[in-house]
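A short worksheet on the structure shown next.
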Amino acid sequence: MQDAEKLSMLKTMLAIDDNNSDELLTTYLTFAKNEILSWRYSYAGTMPDSVPAEYEMTQVQAVVNGFTQRGAEGQVFSIENGIHRHFVYADMVRYIRSNVIPMAKLAAVSST
């Protein structure tokens, strides 16, 4: 899936009609991509340049979580003007780390 498709999907999911938000959403997509890759491949040695296909929707959903929690980052519960909100994930990073499985690199063991 291309970044333009992800951007379009995000704008539909978040009900955003203007083009002024493209830069902001692209920044969120880049952040989510970097976090997914660094978490997934932190123990694998080599890292690809793009998000694997099986984690593209995780990337999009991470951006939705991060975007809708703007101003409430780090909170899992909020009460404002009598409105109670509960967030399952405190931020995008926690969402990604809960939904992306890290890879490990097998090390050769020498028998001496």
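The residues in the range 42-75 that are touching a residue at least 24 places away in the same chain (Cβ under 8 Å), assigned to a loop (DSSP other than H, G, I, E, B) and within 13 Å of Ile96 (Cβ to Cβ) can be counted, and the count is 1. Taking every residue in the range 24-35 that is free of Cβ contacts under 8 Å to residues at least 12 places away in the same chain and pairing it with any residue that is hydroxyl-bearing (Ser, Thr, Tyr) and buried (at least 19 other Cβ atoms within 10 Å of the Cβ), at least 6 positions away or on another chain, yields no pair with a Cβ-Cβ distance below 7 Å.
Scanning the range 6-32 for residues that are more than 18 Å from Met92 (Cα to Cα) and assigned to a helix (DSSP H, G or I) returns Ser8, Thr12, Asp22. If you go through the range 81-112 and keep only what is part of a loop (DSSP other than H, G, I, E, B) and either touching a residue at least 40 places away in the same chain (Cβ under 8 Å) or of a type in the set (Gly, Ala, Ser) (or both), you end up with Gly82, Ala90, Val100, Ile101, Pro102, Met103, Lys105, Ala107, Ala108, Ser110, Ser111.
Taking Ser78, is it in a loop (DSSP other than H, G, I, E, B) and of a type in the set (Gly, Ala, Ser)?
no
Scan the range 79-93 for residues that are at pLDDT 80 or above, surrounded by 12 or more Cβ atoms within 10 Å (Cβ to Cβ) and more than 15 Å from Arg40 (Cβ to Cβ) and the total you get is 1.
The values are calculated or read from the model by the stated rules, or taken from the named source; none is laboratory data. The structure displayed is predicted, hence computed values, not measured ones. Glycine also receives a Cβ, built like all others from the backbone with ideal geometry; neighbour counts cover every protein chain displayed.
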